[in-house]
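Working notes for the structure below.
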Amino acid sequence: MIPVVVKNIVEEAQNVVRLVLGSRDGANLPTFEAGAHIDVHLPSGLIRQYSLCRLQVEPQYYEVAVLKDPQSRGGSEEVHRLTIGDELAISAPRNHFGLVDSPRHCMLIAGGIGVTPLLPMAQQLQQQGRSFEFHYCAKTPEKAAFSEALKTASFADKMFFHFSQLADSGRMDMVNVLSRHAFDGELYVCGPADFINEVLSQARMQGWSEERLHREFFAAPEPLEQESDNAAFQVKVHSTGELINVSEDQTMFEALDQHGVFVAVSCESGVCGTCQTGVVSGTPDHRDVFLTEAERQQGNWVMPCCSRAKSKILELDL
């Protein structure tokens with residue numbers, strides 16, 4: 001873990017604060033590329049993942065922006081109670097949402113606080129002289145973090161704002177926007193789960209191929225109705241052959257943990273990818289939002305924090 005200090009707190013929009021985190025000793029923090037996030041260990045013991053919302057200008061600082069979520073499990077509320085000088089611990093940056101090295105036109109689509117990982121993407125694309133456009137969807141400018149700064153950014157000519165509660169703006173016309181680069185673009189979308197799913201669904205209908213659809217969820221969607229019926233199954237630990245029962249009311253992670261089998265977890269909802277584990281045999285019942293559809297079909301990975309098994313035994317590479 002990396003010890004940091006809250007160096008500054010800036011209100012970027014209604015219920016959105018930006019934290020400037022600096023190393024305690026003034027040392028440089030690890031470098032990162034656009035799309036990366038960090039684990040933030042809060043004073044209460046809660047661990048939350050937040051996207052780094054700006055490329056480093058000075059190497060000893062990171063910046064994250066956090067929405068105070070009314071459905072918060074406590075993390076965002078605690079972030080909003082932090083004060084300058086508070087000491088925290090963070091992880092090194094991890095990136096599961098990086099820009100693809102491709103000459104294709106990049107389409108960035110943000111819904112609300114989903115703007116945070118896309119901001120450094122726009123900065124990086126601009127620095128590299130690559131072709132892109134940036135669509136920002138929110139209810140009003142007052143609720144859209146960084147909206148004023150984006151209007152004067154170096155890539156302001158590539159910005160398109162869609163404010164659903166403004167008569168002269170309105171919702172983004174997804175069909176029109178997505179149809180323009182359906183066969184020559186790379187799509188990057190982040191925001192609320194329903195928003196992401198709607199964008200991806202429309203993109204597929206417009207002809208976007210799966211490998212050109214890139215997304216990052218901040219929270220898992222509500223579980224499907226059929227997922228409420230959990231069947232018991234067994235997990236087999238490949239290294240020892242041990243069979244561990246997973247009951248209807250517990251997760252694979254919980255069952256493994258009770259038997260002393262370590263799996264690193266963080267979000268416990270299938271969002272962050274920390275617990276990604278290899279599958280040796282059996283069929284996973286994927287309930288995460290981290291894996292792509294192609295990865296789910298391959299069946300080589302599973303998230304023990306939330307997913308289950310369709311087969312009676314699921315053998316994991318542990």
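Key figures for this structure:
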| quantity | calculated |
| --- | --- |
| Relative contact order of the range 235-278, pairs being alpha-carbon contacts under 8 Å that are 6 or more residues apart, as % | 21 |
| Protection proxy ranking, peptides 295-307, 163-175, average beta carbon neighbours within 10 Å, highest first | 295-307, 163-175 |
| Accessible surface of the chain [probe 1.4 Å, protein heavy atoms]: carbon and sulfur percent | 47 |
| N28-R104 FRET efficiency (beta carbon distance; Förster radius 41 Å; 0.05 resolution) | 0.80 |
| Probe 1.4 Å, all protein chains present, accessible-area order of M252, M1, largest first | M1, M252 |
| Under 18 Å from K310, Cα to Cα: lysines that are on another chain or at least 8 residues apart | K236 |
| Beta bridge orientation in the chain: antiparallel %, DSSP, nearest 5 | 60 |
| List R73, R18, R180, ordered by accessible area with a 1.4 Å probe, largest first | R73, R180, R18 |
| Accessible-area value, V10, 1.4 Å probe, nucleic acids and ligands omitted, Å² | 40 |
| Overall form of the range 16-136 per C-alpha gyration tensor (a/c, 1.5; a/b vs b/c) | oblate |
| Nearest-0.05 FRET efficiency for S131 and N176, computed from C-beta distance (R0 22 Å) | 0.75 |
| 222 nm mean residue ellipticity, helices alone, for the chain (DSSP H n ≥ 4; -39,500 (n - 2.57); rounded to 500) | -5000 deg cm²/dmol |
| Vicinal HN-Hα couplings computed from phi for the range 174-185 (Karplus, 6.51 cos²θ - 1.76 cosθ + 1.60; Hz; Gly/Pro x) | 4, 4, 5, 5, 6, 6, 5, 10, 4, 10, 9, x |
| Angle between the chain longest axis and helix 193-205 axis [Cα atoms, degrees, rounded to 10] | 80 |
| Whole-number accessible area per residue in Å² for the range 4-48, which is evaluated in the context of all protein chains at 1.4 Å | 44 |
| Assigned charges on the beta-carbon of Lys, Arg, Asp, Glu; the range 42-104 dipole about Cα centre (debye) | 240 |
| The range 103-235 - convex hull of the alpha-carbon atoms, volume per residue in Å³ | 151 |
| Dimensionless Rg ratio for the chain, taking C-alpha atoms and the 2.2 N^0.38 Å reference | 1.04 |
| R0 of 25 Å, Cβ-Cβ distance F155-V10: FRET efficiency to nearest 0.05 | 0.75 |
| Inter-label distance for Q60 and T240, nm, one decimal - labels placed 7 Å from Cα along Cα-to-Cβ | 4.6 |
| Largest to smallest accessible area among R54, R81 [probe 1.4 Å] | R81, R54 |
| Heavy atoms of E77: accessible area, 1.4 Å probe, square angstrom to 10 | 70 |
| Solvent-accessible area per residue, Å², over the range 109-198 with all protein chains present [probe radius 1.4 Å] | 43 |
| From phi via Karplus (6.51, -1.76, 1.60), per-residue ³J(HN,Hα) for the range 307-318 in Hz, x at Gly/Pro | 7, 10, 10, 8, 8, 5, 10, 10, 8, 10, 7, 10 |
| The chain: relative contact order in percent, alpha carbon pairs under 8 Å with at least 6 residues between | 13 |
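The values are calculated or read from the model by the stated rules, or taken from the named source; none is laboratory data. Since the model is a prediction, treat every value here as computed from it, not as a measurement. Don't worry about glycine lacking a Cβ; one is built from the backbone with ideal geometry, like all the others, and counts go over all protein chains shown. The area values use the complete protein model at the heavy-atom level, side chains included, leaving out ligands, DNA and RNA. Shrake-Rupley method; radii C 1.70, N 1.55, O 1.52, S 1.80 Å.
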